[in-house]
Structures are given as C-alpha cells and as structure tokens.
2 protein chains.
Amino acid sequence: MPEFKILIVEDDRSIQNLISTALKINQYSFLNVYNGKEAISTCMSHKPDLLLLDLGLPDIDGIEVIRTVRTWSNVPIIVISARDEDSDKIEALDSGADDYLTKPFSVQEMLARIRTVQRRQQYLPSPEQEKSVFENGKLKIDYASGTAELDGAELHLTPIEYKILCLLSRNVGKVLTHSFIISNIWGNAVDTDIVSLRVYMTSLRKKLKCSEEEEPLIRTRVGIGYQMIRL
Amino acid sequence: MPEFKILIVEDDRSIQNLISTALKINQYSFLNVYNGKEAISTCMSHKPDLLLLDLGLPDIDGIEVIRTVRTWSNVPIIVISARDEDSDKIEALDSGADDYLTKPFSVQEMLARIRTVQRRQQYLPSPEQEKSVFENGKLKIDYASGTAELDGAELHLTPIEYKILCLLSRNVGKVLTHSFIISNIWGNAVDTDIVSLRVYMTSLRKKLKCSEEEEPLIRTRVGIGYQMIRL
DNA sequence: GCTTTTCTTAACGGAATCTTAATGCCGGAG
DNA sequence: CTCCGGCATTAAGATTCCGTTAAGAAAAGC
C-alpha cells in the first residue's frame with residue numbers, strides 16, 4: 001500500500017494533538033486543519049484517504065462539511081463529536097459519514113476503526129479519479145465551492161436544483177431512474193412524488209438552456225428517468 | 001435496486017425480535033439464526049448483503065464467526081454486543097467487523113448504520129456491473145447506462161422494447177418461448193397476449209434493421225418463440 | 001415582522017407509449 | 001387448389017407519461 005493520508009479536522013488543539021500523536025506513532029501521514037472551509041479546500045487539493053471530522057467547528061457546521069464533500073467525493077469520513085444524541089449520529093451518518101465516535105473516545109478504538117476503513121479500501125476497484133471540477137460542454141461545476149456556471153456565467157441554482165445537477169453530472173451518460181434520483185436527493189425516508197421532480201427538471205433545463213438548436217444537456221428517458229449527455 | 005438481505009445472528013429472542021421488527025417496518029428482507037454454526041452455514045448458502053452479529057453466542061464465539069466468514073467473504077458485518085470494553089471492540093473490528101454497536105443500542109442508530117453500509121455498497125462493483133456491455137454484430141448494449149446502439153448510432157427504444165432486447169441478449173443463441181418472454185417482461189401476474197409481443201417484435205426488428213441482405217438478428221421459431229442469433 | 005426565495009402541489013395540453021383489432025402473407029395439410 | 005393456423009405488419013384508440021404554468025405553503029434572509 002502506498003501511503004495513507006488522513007485529514008484531521010478539529011479546532012480543539014488538545015484533541016487535535018491527541019489524535020496527531022496517535023497517528024504519528026502508528027506511522028500514518030496526516031494533515032491538520034481547524035475549520036470547515038479549510039477542511040473542504042484541503043480535501044479538494046490534497047485528496048486525503050480519510051477524514052477525521054469534528055462536528056463542532058468554528059465556521060461551518062460539520063454536517064455541512066460532510067454534505068459538501070459528498071457532492072464530489074466518496075472519501076471515508078469518521079466523525080468525532082461531543083454530541084452524543086441519537087439524532088446527531090443519525091443525521092451525520094445519513095449525510096454521508098461512514099462512522100461516528102463520541103467524545104471522550106478511546107484512541108485505540110479510533111485506530112481500529114481507521115484500520116477497518118483501510119481494509120475496506122483494498123476491495124475498492126480503482127482509486128477513482130475524483131475531480132472536484134466537472135466540465136461538460138458549456139457547463140462547469142465546482143463541487144468544492146458549490147457553484148455552477150454556463151459559458152462562464154454563474155448559474156443561480158436552488159439547493160435542490162444543484163443537487164440534481166450534481167447527481168446527473170456524477171453519472172454522465174448513465175440513465176438514472178426516477179426513484180434513484182428521488183431517493184438520492186430527498187433521502188431514503190421521504191416519499192416525494194415524481195411530479196415534483198418534473199418541476200425541478202423544467203426549471204433546471206430552463207436555466208441550462210442558453211441557445212436553441214443545441215442538443216439538450218439533459219435527456220428524458222420516457223418511463224425510466226433522466227440522463228445527462230456527455231458532449 | 002434489487003433486495004437487501006440481512007442475516008440476524010442473535011440468541012436472545014427479545015433482542016432478536018426487536019431487530020426483526022425494526023427491519024420489517026423498514027421493508028428489509030431478513031433471516032434469523034441463533035448460533036454461530038448456523039450463522040456460518042446460512043451465510044454461505046444464502047449470501048446475505050449484511051450480517052448483524054451478536055458476539056455472545058451459545059456455541060462459537062462471535063469473533064470466530066467473523067474470522068471464519070472473512071476467509072471467503074467480504075460481506076459487511078455490524079457487531080451488536082453487550083461487551084463494551086475497548087479491547088472487545090478492537091478485537092472485533094480487527095477481526096473483520098465493519099462496525100460495532102454496544103447494547104443497549106438505539107434502533108434508529110442501527111438503521112442509520114445499515115443505510116451507511118447500503119450506500120457504500122452502491123460504489124462497489126457488482127457482479128453484473130462488470131460485464132455490463134453486450135456486443136453482437138452491430139448491436140451494442142450498455143446495461144449500466146441503460147442504452148443500446150446500432151452501428152454507433154444510439155437506438156431510441158421504449159422501456160418494453162429495451163427489456164425484450166436485454167432478455168434476448170442475455171440469452172444469445174437460446175430459443176426463448178413466448179410464455180417465458182411474456183412472464184419475464186410483464187411479470188407473472190399480468191396476462192398479456194402473444195399478439196402484443198408480436199407487435200413489439202416488429203418494432204424492435206424495424207429499429208434493429210439497418211440494411212437488407214443481412215442475416216436478421218432476431219429469428220422467429222414458429223410455434224415456439226424467438227431467438228437472438230450470435231453473429 | 002416583513003420580504004424574498006424556494007419548495008410543493010394541482011391542473012392541463014400534448015407527446016410518447018401500450019394495447020387491441022384488422023388485414024395480408026406464408027407454408028403445410030387436406 | 002383451397003383452407004387454416006401461426007405470423008408480421010399497420011393503423012388507430014386508449015392509456016400512461018411528461019412538461020409547463022401558476023399559485024399557495026414553507027423557509028430563509030433582512
């Protein structure tokens with residue numbers, strides 16, 4: 001195995017120190033950042049193999065960090081938080097976290113859970129080239145900053161529109177079924193109608209369409225779902 | 001998404017019942033076994049997508065179950081145990097467990113951690129995904145993206161046409177009876193006429209036929225059914 | 001608290017698709 | 001040769017599916 005890079009996101013210096021020391025002893029390579037924005041940008045630039053993430057950050061909420069990173073990356077995320085309410089755990093896990101440790105935590109257990117992540121990594125096919133910027137024709141998405149632009153002009157998308165666009169872009173060329181899109185956007189719990197999805201597709205298409213006489217970026221597969229065309 | 005089968009390994013009937021009920025409500029399909037030997041054999045025979053494993057079993061130690069299963073399978077394992085010593089957790093995780101919940105545990109948290117496993121599953125290469133492209137003469141089907149093309153040009157197929165084409169392609173060379181095709185496309189419940197099938201075969205053939213003087217891709221077996229020819 | 005944005009739901013016209021029916025073709029049996 | 005069963009093909013009605021608009025509800029920002 002090459003090297004395993006861990007990004008520690010923790011504003012409490014003493015805990016940050018505790019974790020760093022443990023990782024150093026076990027010969028992991030790691031980086032420290034102290035707030036959410038740094039976490040996202042470092043994650044983008046350094047492409048770590050694992051995130052150790054505190055939820056209580058000074059700037060952004062940790063949950064938001066998870067959601068943002070998950071728009072373009074499947075990097076394992078272990079949450080380390082002082083909040084021990086069930087609702088917090090569930091929200092973090094459903095937002096995309098892989099594991100959740102409650103402070104005070106056992107360093108040995110943390111290390112064991114890191115090893116679990118490493119072990120799973122082995123079975124993954126190819127370390128997919130996860131880029132944080134997506135480009136397709138005139139469309140350009142910057143997953144890290146959460147923005148999209150068309151022909152250089154920034155698009156003003158609502159959160160849901162943006163999510164749908166991300167989902168389609170991450171699966172360019174593939175046909176995504178209605179139910180797949182809905183469960184990915186609204187979560188497994190909620191049952192939203194297909195009708196809502198259609199409304200969003202309309203407004204998305206309206207915003208994506210700069211000129212006529214062009215092949216539409218998003219194609220409808222009648223009876224199945226939608227598909228972004230690779231231009 | 002197909003179905004997600006969970007194997008519950010728990011000798012305490014009350015807890016087993018608690019878990020079963022939660023899974024049933026959330027429409028998972030699951031199996032119950034009550035000791036380690038059954039766990040291992042059922043795991044082999046039924047190939048579940050997830051193991052919920054209690055460590056305190058009457059016959060074998062749970063850790064041994066993990067190690068045994070791990071000799072041939074990477075199926076996700078979530079341990080649910082009364083032991084809350086660090087050493088127990090670490091041993092279980094290092095033996096191959098993916099997660100560790102301590103009794104008493106929150107059912108909601110358990111469900112969230114199951115969803116985490118499911119989410120990760122999506123990114124893994126499934127057996128069918130590996131051979132997801134079918135080619136035969138000028139015809140090419142990409143099962144993953146749900147598209148088919150003829151001579152490089154994409155085919156516009158209706159859902160039923162596409163289903164029929166997939167069915168035939170997955171059984172190239174074989175003769176499929178009318179009733180087999182009908183039950184596979186429309187399900188055993190609906191009684192659709194053979195006449196409808198003929199109409200679809202016509203439109204399918206029309207779309208598949210690029211030039212004359214060629215051997216037709218789909219051959220009629222009078223009185224029996226249809227067959228895709230391997231070119 | 002008020003304004004603005006975003007989300008959701010309902011309604012409707014139109015398009016794509018499914019199904020059924022009618023017609024003609026072909027080969028074998030009488 | 002003629003009849004008949006199985007099949008292909010076409011057309012047309014029925015049905016489902018989609019896109020769009022508008023309006024009220026909810027949420028976010030000020």
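The values are calculated or read from the model by the stated rules, or taken from the named source; none is laboratory data. All values derive from a computational prediction rather than experimental measurement. Neighbour counts run over all protein chains shown; Cβ positions are idealised from the backbone, glycine included.
Listed by first and then second residue, the pairs linking a residue in region B:193-204 that is within 15 Å of residue B:216 (Cβ to Cβ) to a residue that is within 6 Å of DNA strand D (Cβ to nearest atom), with Cβ atoms under 9 Å apart and 6 or more places separating them unless they lie on different chains, are B:201/B:220.
Rundown of residues vs (1) closer than 30 Å to residue A:229 by Cβ; (2) near DNA strand D (Cβ under 10 Å from one of its atoms), yes/no style:
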residue: B:143; (1), (2): yes, no
residue: B:162; (1), (2): yes, no
residue: B:166; (1), (2): yes, no
residue: B:193; (1), (2): no, no
residue: B:204; (1), (2): yes, yes
residue: B:230; (1), (2): no, no
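Taking the numbered list (1) within 15 Å of DNA strand C (Cβ to nearest atom); (2) under 30 Å from the mean Cα position of the chain (by Cα) in turn, residue B:203 passes all entries but (2). Restrict the check to region A:146-156 and report whether at least one residue is within 14 Å of DNA strand D (Cβ to nearest atom), more than 14 Å from the chain's Cα centre (by Cα) and among the acidic types (Asp, Glu). Within region A:146-156, not a single residue is within 14 Å of DNA strand D (Cβ to nearest atom), more than 14 Å from the chain's Cα centre (by Cα) and among the acidic types (Asp, Glu).
Looking only at residues in region A:82-96 that are touching a residue at least 24 places away in the same chain (Cβ under 8 Å) and part of a helix (DSSP H, G or I), the one that is surrounded by the most Cβ atoms within 10 Å (Cβ to Cβ) is A:92.
So which residues in region A:168-191 are within 14 Å of DNA strand D (Cβ to nearest atom), among the hydroxyl-bearing types (Ser, Thr, Tyr) and out of contact with any strand residue (DSSP E or B) (no Cβ under 7 Å at 6 or more places or on another chain), if there are any at all? Hit for region A:168-191 is A:179, nothing else. Looking for whichever is without any contact (Cβ under 8 Å) to a residue 12 or more places away in the chain and either outside the structural domain of residue A:141 (by TED's automatic domain parsing) or among the aliphatic types (A, V, I, L, M) (or both) here; the options are A:16, A:27. Which one fits? Matching residue, one of A:16, A:27: A:27. Kindly check whether there is at least one residue in region B:123-133 that is at pLDDT 90 or above, more than 11 Å from chain A (Cβ to nearest Cβ) and in a strand (DSSP E or B). Yes, the conditions are met somewhere in region B:123-133.
Against the numbered list (1) of a type in the set (A, V, I, L, M); (2) surrounded by fewer than 18 Cβ atoms within 10 Å (Cβ to Cβ); (3) more than 30 Å from residue B:25 (Cβ to Cβ); (4) away from DNA strand D (no atom under 13 Å from the Cβ), residue A:218 comes up short only at (4). Checking the condition more than 14 Å from chain A (Cβ to nearest Cβ), in a loop (DSSP other than H, G, I, E, B) and either under 25 Å from the mean Cα position of the chain (by Cα) or among the acidic types (Asp, Glu) (or both), which residue from B:48, B:58 passes? One residue alone meets the criteria, B:48. Just the residues that are more than 14 Å from DNA strand C (Cβ to nearest atom), in contact (Cβ under 8 Å) with a residue 40 or more places away in the chain and either surrounded by fewer than 18 Cβ atoms within 10 Å (Cβ to Cβ) or of a type in the set (D, E, K, R) (or both), please, taken from region A:145-170. Once the filter is applied, which keeps residues that are more than 14 Å from DNA strand C (Cβ to nearest atom), in contact (Cβ under 8 Å) with a residue 40 or more places away in the chain and either surrounded by fewer than 18 Cβ atoms within 10 Å (Cβ to Cβ) or of a type in the set (D, E, K, R) (or both), region A:145-170 yields A:150, A:151, A:170.
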